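Bear in mind these aren't lab numbers, they're just calculated from the coordinates by the rules spelled out. Because the structure is predicted, anything quoted here is derived from the model rather than measured. Heads up, the Cβs are rebuilt from the backbone with ideal geometry, glycines too, and the neighbour counts pull from every protein chain shown.
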Amino acid sequence: MIKRAALLLSIVLVLLLAACSSGNNNKTAANSNGGVSNTSIAPEEEITIKATNYSFDQKEYHLKKGVPVKIIFENESGSHGILVPELNLQLNGEHSSEVIIPEEAGTYKMTCAVMCGSGHSEMIATVIVE
């Protein structure tokens, strides 16, 4: 009985690690609109957020209050996403970009939106709206 439980736990851990480091490179459009939000707002700025296993490419991202910005999300390794609830922003491999207008100045926590493995809870960055 103990061997069976240990085997099952081992299989689950292997599958979890394989899902996180699958090398899923989402540089092609995953849906018919190319991952861009259906919005008629023309962005004045553009920012790219890249994710690798358990980290974002920067610790801080700066946006300007009231200025439309196109946020582009790229997975460089693993399977990840971004989530900033206060900015109503959630991107992943299938929905990889969106134009937003940050209305409130402040500092917001950005986390990984896809359970990606053992380092998931440490995958954090800051979005600063000035």
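Check the straight Cα-Cα distances from K50 and name the lysines below 24 Å, setting aside those fewer than 8 residues away within the same chain. The reachable lysines, counting only those whose Cα sits under 24 Å from K50, are K27, K59, K64, K65, K70, K109. Modelled label positions at E60 and N88, each set 7 Å beyond Cα in the direction of Cβ, lie 2.7 nm from each other.
Which of K109, K70, K50 has the fewest other C-beta atoms within 10 Å, and how do the rest follow up to the most?
Working: K109 12, K70 19, K50 15.
In order of increasing Cβ crowding within 10 Å: K109, K50, K70.
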